[in-house]
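Shown next, in structure tokens, is the structure this report addresses.
Quick note: the coordinates plus some simple rules give every number you see, no bench work behind them. All of these numbers come straight from a predicted model, not from anything done at the bench. Quick reminder, even Gly has a Cβ in these numbers, built from the backbone with ideal geometry, and neighbours come from all protein chains shown.
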Amino acid sequence: MSAAVLSADSAVDMKPENFRRIVVKIGSALLVDRATGRLREEWLSALVDDVAALASGGRDVLLVSSGAIALGRGVLGLPGGILKLEESQAAAAVGQIALARAYSERLDRHSIRAGQILLTLGDTEERRRYLNARSTIGTLLRLGAVPVINENDTVATSEIRYGDNDRLAARVASMMGADLLVLLSDIDGLYTAPPHANPDARLIPIVPKITPEIEAMAGGAASEYSRGGMKTKVDAAKIATAAGATMAIALGKPLHPLRQISEGGTATWFLPEGNPVTERKKWISGHLETRGLIVIDAGAVRALRSGKSLLPAGVRRVEGRFQRGDAIIIQGPSGEEVGRGLVAYDMADAERIAGRNSNEIAAILGYSGRAAMVHRDDMALRGE
């Protein structure tokens, strides 16, 4: 085995409670009993107990949950096997209601509110929609709620969908600056070969870097209830680790699967390339084409360097042709580049509110926009 694989001793401190913001992906096969098409209620209650324990310790927890189609097909009496697109969408429409209710009722027992978020591929790829999704999910977390996220299967088609929640979970982890992504699966990690077919297959406990050798170990989809397989999990690891998150593949079948990980349960851990904050700032500062320029006053420069967001009051001038979510240069009064960021307003609206107080935005624009022209989380200053 190459240097891309380390021993299990390296994973001794890898526990969910040692991370700040955790995305947990739950597959359909874990949530729904394949024989009956019904929710595995005891399992879900135990999982939510684990989530509540992490939340009570001050961690942000986000759930990316499959299961809507699997639940809905049982309710509607649809046959086994592959469904037609319209049947899948109908099943999702019915199943999503049941799934949201199941999470909401169980989280409510711990005095935690659930918030349902349905995403499509474009919501995490197109910057305007990305900012909307990120802001909504971030607000839910600040209010102490647990976002329950799923692909919007009722409208997504093969051309505009992720197709599996492993990669969706990785995109959510990247978007929200999570430092841990846990993929709960029907297998306890990445093996050197498919363990059901090769008795000599060995579990890989730590993957410091995803190499072609690691990618070659991935297989196909596991069951009709799971659109993903080990390949999609390794693909998810590439997304998550590039964004600075650690990722774990762990067995989800036992009760209290997150607690099992904390107690030393078997898993494969993929190590991050950096940290979420650093990687996001690198992305903003160096990987996006800028569409405009915002010139700010000296007071705003000081505020930004002290960790504040850019408010309209500190803006002197706006240049370029940009839309909300585009990358712009932030320039100081002497012409120096202070940083770059993702702007929260279209060019025309940014010009109208430049130099004005945030509490005037609604009166000027006719709608309540963001308080900040560029939020601190969407900004990378020079020298950071």
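Give me the percent relative contact order of the chain, please, defined on Cα pairs under 8 angstrom at least 6 residues apart.
In percent, rounded to a whole number, it is 16.
Based on the Kirkwood radius over alpha-carbon pairs, what is the Stokes-Einstein translational diffusion coefficient of the range 6-133 at 10 °C with 1.306 mPa s viscosity, in µm²/s?
96
What is the set of long-range amide H partners of Val61 at a cut-off below 5 Å, with H atoms built 1.01 Å from backbone N?
Ile22
So between Arg202 and Thr139, what do we pick up on full extension, going 0.36 nm a residue minus the alpha carbon distance?
18.4 nm
Determine, for each peptide in 182-189, 250-257, 44-51, the mean count of other beta carbons within 10 angstrom over its residues, then list the peptides with the highest first.
Packing proxy ranking, top to bottom: 182-189, 44-51, 250-257.
Over the chain, one equal point on each Cα, no solvent: what is log10 I(q)/I(0) by the Debye formula at q = 0.09, 0.14 Å⁻¹?
Result of the Debye calculation: -0.57, -1.18.
Can you pull the semi-axes for the range 106-149, root of five times each eigenvalue of the Cα gyration tensor, sorted largest first, whole Å?
Sorted largest first and rounded, they come to 24, 11, 4 Å.
Given labels modelled 7 Å from the Cα in the Cβ direction, how far is it in nm from Glu213 to Ala298?
Those two pseudo-labels are separated by 5.9 nm.
With n ≥ 4 as the cut-off for DSSP H runs, can you work out [θ] at 222 nm for the chain, using -39500 (n - 2.57) per run divided by the number of residues, rounded to the nearest 500?
-10500 deg cm²/dmol
Can you work out the Karplus-derived ³J(HN,Hα) for every residue in the range 244-253? Use 6.51 cos²θ - 1.76 cosθ + 1.60 with θ = phi - 60°, whole Hz, and x for glycine or proline.
The phi angles translate into x, 9, 7, 10, 10, 9, 9, 5, x, 5 Hz.
How large are Rg and Dmax for the range 259-384 when only the alpha carbon atoms are used, in Å?
17.7, 57
With the Cα gyration tensor of the range 38-197 giving a ≥ b ≥ c as the square roots of its eigenvalues, does the rule (a/c under 1.5 for rounded; else a/b larger than b/c for prolate; else oblate) give rounded, prolate or oblate?
Because its axes are fairly even, with a/c under 1.5, the range 38-197 counts as rounded.
If the reach is capped at under 16 angstrom between alpha carbons, list the lysines near Lys238, excluding any in the same chain fewer than eight residues apart.
Lys25, Lys209
For the range 195-201, what does the Karplus curve 6.51 cos²θ - 1.76 cosθ + 1.60, with θ = phi - 60°, yield as ³J(HN,Hα) per residue in whole Hz, taken in order and with x for Gly and Pro?
Values per residue, Gly and Pro as x: x, 6, 10, 10, x, 8, 5 Hz.
Could you pull out every residue, at least 5 positions away or on a different chain, whose amide H is within less than 5 Å of the one on Tyr345? Hs are placed 1.01 Å off N in the peptide plane, and Pro or chain starts have none.
Counting only residues 5 or more places away or on other chains, the set is Gly325.
Lys and Arg at +1, Asp and Glu at -1: add these up for the other residues within a Cβ distance under 9 Å of Gln323 and post the number.
+3
Per residue, what volume in Å³ does the Cα convex hull of the range 241-305 take up?
Hull volume normalised by residue count: 155 Å³.
Please report the net charge: other residues with Cβ closer than 12 Å to the Cβ of Asn275, K and R +1, D and E -1.
+2
Please list, ordered by chain and number, the residues whose modelled amide H lies under 5 Å from the amide H of Val182; skip anything fewer than 5 residues away on the same chain.
Val23, Val24, Lys25, Ala248
Relative to the compact-globule scaling 2.2 N^0.38 Å, provide the ratio for the alpha-carbon radius of gyration of the range 79-134.
1.49
Residue by residue through the range 318-329, what is 3J(HN,Hα) from phi via Karplus (6.51 cos²θ - 1.76 cosθ + 1.60, θ = phi - 60°)? Round to whole Hz and write x for glycine and proline.
10, 10, x, 9, 10, 10, 3, x, 6, 7, 10, 8
Hey, how many Å between the Cα centroid of the range 273-306 and the Cα centroid of the range 62-86?
42
What aspartates and glutamates could a cross-link reach from Lys231, if we take a straight Cα to Cα line under 13 Å and drop same-chain neighbours fewer than 8 places away?
Within the straight-line limit of under 13 Å, Lys231 reaches these aspartates and glutamates: Asp164, Asp166, Glu213, Glu215.
Taking the Cβ of Leu180 as the centre, find all other residues whose Cβ is under 12 Å away and add up their charges (Lys, Arg: +1; Asp, Glu: -1).
+2
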